[in-house]
Amino acid sequence: MNNLEKSKEILRDGNYTLVAVSDTETLTSTDRGVKPLLEFIDDNKTLDKFSVADKVIGKAGALLYVLLQPSEIFTNVISRPALELLESNNIHIEYNVLTDAIINRTGTGFCPMESTVRDTADPVTALSLIREKLKSLTK
C-alpha cells in the first residue's frame, strides 16, 4: 500500500480531519479548517515527502498546501478554485466531490476562509489574510 492509500485509510477509519504519511512518519489532526495547516507552517514543517488525506479543501487550504508542498493530496470535498490552484502548482490531487465553493459550518453562506482569499492566488498574501481573519473571528 502506498502512502496516499495509507493516509486515506487512516482518515477513513480514524476520527481525523487530516492525515499526512511519509515513509518514516505519520501526522494526524482532529482540528477543523485550516488550523492544522497553520500549525505545520508555524512549526516550520514542510510536507514535501508526505501524502496527505484531508476531509475538505477550500481555496484557503489549497493556498496553504502550496506553501507546505505535499507530494500528493486526497480529499473528500474540494472547491473548484482550490482544485485549479493545486493543479496549477503541480500538486497531484485526488478527490470525491467537486463543488463550486465551501459552505460555512452553519450552512448559511460561504466559508469565511474561502471568502477571505477569494481574490488572491499568492500563498504568502493568503497566509497573512487568513491570520488576520482568524484574529477577527476569535475576538
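Of the listed residues ARG80, ARG12, the order by accessible area with a 1.4 Å probe, largest first, is ARG12, ARG80.
Computed over neighbours whose Cβ is under 11 Å from that of ASP42, the net charge equals +1, Lys and Arg +1, Asp and Glu -1.
The distance linking region 108-139 with region 80-103 is 17 Å (Cα centroid to Cα centroid, whole angstrom). Quick one: of the DSSP bridges fully inside region 70-139, what percent are antiparallel, nearest 5? Here the antiparallel bridges make up roughly 10 percent for region 70-139. A crude spin-label estimate for the pair GLU87 and ASP23, with each label 7 Å from Cα along the Cβ direction, gives 3.1 nm.
Put a dot 7 Å past the Cα of THR125, heading toward its Cβ, do the same for THR106, and the two dots end up 3.0 nm apart.
Among DSSP bridges having both ends in the chain, what percentage is antiparallel? Round to the nearest 5. Within the chain, antiparallel bridges account for around 40 percent of the total.
The three principal axes of the Cα atoms in region 66-122 give end-to-end lengths of 34, 26, 16 Å, sorted in falling order.
When the trypsin sites (Lys or Arg not before Pro) in region 49-124 are filtered for DSSP coil states and for at most 16 other beta-carbon atoms within 10 Å of their beta-carbon, the remaining sites are LYS49, ARG105, ARG118. Here each label is just a point 7 Å from Cα along the line to Cβ, and for GLU94 and GLU132 those points are 3.8 nm apart.
Computed about the Cα centre, the dipole magnitude for the chain is approximately 580 debye when only Lys and Arg (+1) and Asp and Glu (-1) carry charge, each at its Cβ. With a Cα cut-off of under 17 Å and a minimum spacing of 8 residues unless on different chains, the lysine pairs in the chain number 11. The GNM of the chain, with springs linking C-alpha atoms under 10 angstrom apart, assigns the highest mean-square fluctuation among SER79, SER88, SER51 to SER88.
Once all Cα-Cα distances of region 1-97 are split into 10 Å bins that start at 0, what whole-number percent is in each one? Result returned by the calculation: 18, 58, 24, 0.
The values are calculated or read from the model by the stated rules, or taken from the named source; none is laboratory data. Note that the structure is a prediction, hence the values are computed from the model and not measured. Backbone-built Cβ (ideal geometry, glycine too); neighbour counts: all protein chains shown. Ligands, DNA and RNA are excluded from the accessible area calculation, which covers all protein heavy atoms including side chains. Shrake-Rupley method; radii C 1.70, N 1.55, O 1.52, S 1.80 Å.
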